[in-house]
Amino acid sequence: LAAVVVTFSMASLLVAAVVVGSTVGWSTIKNSLYSVPLFASLVCAATDWGLDILKAVLLSSPAVLVGVLYLVAAALNQLVRRVGGVGKAFDSPEEGRLWITARASAQLAEVRQWRWTGILTNIHWWIIVVMSLVVLAGTFTVVFLSYVRVLLDGAPLAAIYILFYLVGLTMFLNPFIPGLPVYITGGIILTDRAFLDAFGGEAAYPLSYVAAVTVAVLFCFGIKLSAAVMQQKGIGETLGRRVWVRALVGVNSVTMRAIRRILLTPGLSLPKICILVGGPDWPVSVTAGILRCNVFQMLLGTLPVVFIIAPSVMAGAFMLKIGQTSGDGICPALPPPLPRP
């Protein structure tokens, strides 16, 4: 079911992209992108080698399906004009013999002139890089956190809290590692039987499990806020002191000034929450530091992230609970702690 939902969502996004591009106009979208200083600077600085890499990235992503749908739409457009006589008349007999529109044909001819040897080579290298990042940032993260769980088994509760805080904070400071594995592992480690006993034990105090899960949620929430402060103050503001970084980001552009105005809105507002909570952790916090945003306002706008953290932590806690109630005491997601000598 999950695969069907993901496939349907991707198809819907591609269709929506084609519809928006055809409605608004691809030239309008191009002009809007070039009006962003950061995009314009990257385009100006790009060499043929850099453009080949960009083309390789686009061709190895689902975005290539947008081009296929564009050609299909151009062929249907040409067929309707030729057979039904509807739409713009052909400018010449040669245009009428084309299987796609003249504009699409010219664009396809330009694509044929690309340096395909270098592009295909870069596609292979890009796939290797992406798969390496997936393994390092995904599988390796889960395995490493599983190893942390094994090491912390039997340690004092205070030491477990401190060490998990340091490990989670380090994970957040890595731009390639998402926060989800940290939240799930927090739900597994911080709701183990030793923590339930610290809150009175389930036998004597049935709400000890709820208390342990609540503390785990708040603890992971604290890690997230601490990481946001360090990313903004330690990384973003440090990079913001460099003139070339500020020029590359375009801090005085209309787009960045609009983002800064939204972020500096006092209190909680929907646009502010969408940027701080909906955006990726590391880039958003670092950009807020480059723009010299008030850190307390950023933390205030980040507070709703608890509604994302809580289900993730509870998912990890429930996974551990399933293993404990099944009688083997093993969490199905992580290996059991090794016996100590």
Provide 239, 163, 299 ordered by accessible surface of protein heavy atoms (probe 1.4 Å), highest first. 163, 239, 299
Please list, in order along the range 202-207, the HN-Hα scalar couplings obtained from phi with the Karplus expression 6.51 cos²θ - 1.76 cosθ + 1.60 (θ = phi - 60°), rounded to whole Hz, x for Gly and Pro. 5, 5, 8, 9, x, 7
Count neighbours as other Cβ atoms within 10 Å of each site's Cβ, and list the trypsin sites (Lys or Arg not before Pro) in the range 167-253 that are DSSP loop with at most 12 such neighbours. 241, 242
On a full-extension model of 0.36 nm per residue, what is the gain between residue 292 and residue 174, subtracting their alpha-carbon distance, rounded to one decimal in nm? 40.4 nm
Enter the accessible area of residue 199 (Å², nearest 10), with the probe set to 1.4 Å and all protein chains included. 70
Assuming a ≥ b ≥ c are the square roots of the Cα gyration tensor eigenvalues, decide whether the range 214-291 counts as rounded (a/c under 1.5), prolate (otherwise, with a/b larger than b/c) or oblate. oblate
Per residue, accessible area of the range 246-313 with a 1.4 Å probe, heavy atoms of protein chains only, in Å², comes to 50
How much net charge surrounds residue 309 when only the other residues with a Cβ under 13 Å from the Cβ of residue 309 are counted, with Lys and Arg +1 and Asp and Glu -1? 0
Judged on accessible area alone, 1.4 Å probe, highest first, 147, 209, 34 line up as 147, 34, 209
Here FRET efficiency (C-beta to C-beta, residue 210 to residue 165, R₀ 22 Å, nearest 0.05) is 0.50
Between the range 252-291 and the range 94-121, how far is it from one alpha carbon centroid to the other, in angstrom? 40
Proximal lysines relative to residue 233, as straight alpha-carbon distance under 25 Å, when same-chain residues fewer than 8 apart are discounted: 224, 272
Taking a probe of 1.4 angstrom, what is the accessible area of residue 205 in Å², to the nearest 10? 100
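The values are calculated or read from the model by the stated rules, or taken from the named source; none is laboratory data. No experiment lies behind these values; they were computed from the predicted model shown. Glycine gets a Cβ as well: all are built from the backbone with ideal geometry, and neighbour counts include every protein chain shown. All accessible areas refer to the heavy atoms of the entire protein, side chains included, with ligands and DNA or RNA removed. Shrake-Rupley method; radii C 1.70, N 1.55, O 1.52, S 1.80 Å.
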